[in-house]
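A short worksheet on the structure shown next.
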Amino acid sequence: MKAAVLHRPGALTVEEVAEPTAGDDELLVRVRAASICGTDLRILKHGHFKIPDGQRRVLGHEVAGDVAAVGPRVTGFREGMRVSVTPNVGCGRCDMCRSGYNNMCPDYEAFGISIDGGFQELLRVPGFAVQRGNVFHVPDGLSYAEAALVEPFSCCYSGQRGLRVGPEDVVVITGAGPIGAFHVLLGKLAGARKVIISNRSRPRLDLAARLGADVCVSVRERDLAEVVREHTGGRGADVVITAVSDRQVQAQAVELLAAHGRLNYFAGLGAAQTVPVDTNTVHYKGLTLTGTTGSTNGDYGRCLRLVGERRVDLSPLVSEVFPVEEIHDAFAYAASGAGMKAVVAFDGDPRATAPHPAASGEGRENP
């Protein structure tokens, strides 16, 4: 089968590899769509501490497909079932896991990082990932491409849930890439009074407007703080979300907030970068500063239901689809900022909403 294999930072090749087999407690998933994340771009460029030197790894952690094989000890799945897989597998024993925060487990495993991921035709799901609830049934009528995007969408949901966005809030989102776009959709879904989004390039702002953003600010043309003052009567924003890895943007975020404002540092920075924070402003305005990374399986399940019920439409964010043979073009597109999400596809158009022929009909129930 074909797989895009990372040999070392900067060395990604498409090659023929042996097909995996499903162990007694495992699943095989035939991948139909695997979207490219900023984390994939960083790993390709810099590597990852969980990928030791000399270790080959298949990247890709935003994955949807069909069950291709079911181990004899696995229940609840059948061949042909449409599924998606969440990336972060907790140990199941630590305080974080026992509190439901598998994304915060200090001893986690992750698809596309410590386990081979979705940029291959067949994905082996280890038994511990099946047992810990990392495989989900994809609702009927939802395309594979949209199902793949539910994972990053759920990360944004996790961030906004802690901000308690409501109908009286003015929400400011800095950065109009895919993450910023997801936050626009969530802010509107929560009923925010006004959503303001900023970005350097205009095309992404145009899409944000189509997704529901009320005010789109090109920071090359306007000062964001001035625009926020104009639209809040000088009061400031109730919520600010930093959706771009920019030190200057993150440093400014606190100054955009009104009294009792809430801030989520969603995008991270390089390990050597720090951001000065005016703690007097935090103190006297009574601000709440938060940060989130990843999402829990519970968050993911809620978001899959939201998208499956068509309460939010992720399809406009699928900008381009590439076969795995064009993985380098897919990564270049994702890094260019030209569109939104690049999706790597296997066997058919993952944007189609009808079930794949291999997934139609009655799948074999696992005995």
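Observations on the structure shown:
- F182 outside the structural domain of V63 (by TED's automatic domain parsing) and under 20 Å from the mean Cα position of the chain (by Cα): yes
- Filtered residues of the stretch 216-227 (kept if surrounded by 15 or more Cβ atoms within 10 Å (Cβ to Cβ) and farther than 16 Å from T242 by Cα): V227
- Selected residue [touching a His at 6+ places or on another chain (Cβ under 6 Å) and at pLDDT 95 or above] from G298, G308, G286: G286
- In the stretch 184-197, the residues that are surrounded by 24 or more Cβ atoms within 10 Å (Cβ to Cβ) and either under 17 Å from P316 (Cα atoms) or acidic (D, E) (or both): V184, L185, L186, G187
- The residues listed here are R311, R305; of these, the one that is in the same structural domain as C37 (by TED's automatic domain parsing), touching a residue at least 40 places away in the same chain (Cβ under 8 Å) and assigned to a loop (DSSP other than H, G, I, E, B) is R311.
- Residues of the stretch 13-38 satisfying the condition of being polar (S, T, N, Q) and in a loop (DSSP other than H, G, I, E, B): T21
- Identity of the residue in the stretch 139-149, more than 16 Å from the chain's Cα centre (by Cα) and at pLDDT 95 or above, that ends up nearest to M81 (Cα to Cα): P139
- Any hit, the stretch 168-183, residues being assigned to a loop (DSSP other than H, G, I, E, B), of a type in the set (A, V, I, L, M, F, W, C) and buried (at least 24 other Cβ atoms within 10 Å of the Cβ): yes
- Boolean, G118 is under 28 Å from G47 (Cα atoms) and in a loop (DSSP other than H, G, I, E, B): yes
- Filtered residues of the stretch 336-345 (kept if surrounded by 15 or more Cβ atoms within 10 Å (Cβ to Cβ) and either at pLDDT below 90 or farther than 19 Å from V29 by Cα (or both)): G339, M340, K341, A342
- Note on the stretch 220-259: residues that are over 21 Å from H283 (Cα atoms), at pLDDT below 95 and β-branched (V, I, T) amount to 1.
- When residues of the stretch 32-46 are limited to those that are farther than 11 Å from L59 by Cβ and out of contact with any Leu (no Cβ under 8 Å at 6 or more places or on another chain), the one surrounded by the most Cβ atoms within 10 Å (Cβ to Cβ): R32
- L6 over 30 Å from E79 (Cβ atoms) and either in contact with a His (Cβ under 9 Å, 6 or more places away or on another chain) or crowded, with 16+ Cβ neighbours inside 10 Å (or both): no
- Residue in the stretch 196-204 that is touching a Pro at 6+ places or on another chain (Cβ under 8 Å), touching a residue at least 40 places away in the same chain (Cβ under 8 Å) and aliphatic (A, V, I, L, M) present: no
- Counting the residues of the stretch 305-328 that are farther than 16 Å from A34 by Cα and buried (at least 16 other Cβ atoms within 10 Å of the Cβ) gives 4.
- Residue check, S114 under 18 Å from the mean Cα position of the chain (by Cα) and either at pLDDT 95 or above or more than 19 Å from T39 (Cα to Cα) (or both): yes
- Against the test of being charged (D, E, K, R), more than 16 Å from G339 (Cβ to Cβ) and without any contact (Cβ under 8 Å) to a residue 12 or more places away in the chain, the options D223, D246, D238 yield a single qualifying residue, D223.
- As for the stretch 66-89, it holds no residue that is closer than 25 Å to V5 by Cα, assigned to a loop (DSSP other than H, G, I, E, B) and among the hydrophobic types (A, V, I, L, M, F, W, C).
The values are calculated or read from the model by the stated rules, or taken from the named source; none is laboratory data. Just so you know, these numbers come straight off a predicted model, no measurement behind them. Cβ: placed from backbone, ideal geometry, glycine included. Neighbour counts: every protein chain shown.
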